[in-house]
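In what follows, a single structure is set out as structure tokens and then discussed.
Please treat every number below as a calculation from the coordinates, not as lab data. Everything numeric in this text was worked out from a predicted model, so none of it was measured. No Cβ is skipped: glycine too gets one built from the backbone with ideal geometry, and neighbour counts run over all protein chains shown.
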Amino acid sequence: MGTEATTMSTGTGAVGADSGASPADLGALLLRQVAELLTGLDSRQVADLIAGHARLAVVSTAAGRPSGTAARRPAGAAAGAAGRAQVEIPSGAELEELRRSLLDAPSRAAAEQLLDALGPLTVARLRALAVDLGIKGITSRDPRAAVQRKIVDQTAGLRLRSEAMFGGVHGT
């Protein structure tokens with residue numbers, strides 16, 4: 001059983017209820033992945049989690065998405081610089097999922113990580129994503145950092161500011 005559980009830990013997202021793995025194996029895999037995540041946190045982050053000042057969120061990554069969207073992230077070194085130009089922005093249901101994830105992000109840093117997980121978007125595509133998300137004040141002269149800051153400020157940042165101002169910092 002120990003051998004099965006370790007071979008399941010591929011990181012490809014292929015392990016699931018349909019994989020034929022037992023619930024115990026899936027549970028062991030999940031607990032190992034959570035343990036790996038927690039070992040990467042610093043003591044302040046762990047203390048915030050324990051105190052309820054932070055939370056963990058399940059966020060889909062490009063590697064774990066179905067084949068229609070996985071093409072957004074080219075595999076292998078052969079993709080190189082040409083692959084960076086091919087990264088596409090989410091649309092439809094994926095865009096709405098991203099919007100919800102950004103709005104629910106527990107911190108500005110978590111929102112930035114969500115944007116980084118999309119892959120290396122060109123500045124023009126990042127601007128287009130911002131417009132699709134309904135972000136105000138995006139101009140053609142905005143550099144990447146400014147566009148990303150505006151996205152974060154008008155999603156997670158807006159919610160975090162409101163919670164801080166109105167005392168609902170740790171509400172549901």
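Here are some notes:
Residue-wise test of (1) more than 14 Å from the chain's Cα centre (by Cα); (2) over 20 Å from HIS53 (Cα atoms); (3) assigned to a helix (DSSP H, G or I).
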residue	(1), (2), (3)
PRO90	no, yes, no
GLU96	no, yes, yes
ALA109	no, no, yes
ALA128	yes, yes, yes
SER140	yes, yes, no
VAL147	yes, yes, yes
LYS150	yes, yes, yes
GLN154	yes, yes, yes
GLU163	yes, no, yes
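- Against the criterion of being of a type in the set (Gly, Ala, Ser), under 27 Å from ILE50 (Cβ atoms) and surrounded by 19 or more Cβ atoms within 10 Å (Cβ to Cβ), ALA117 does not qualify.
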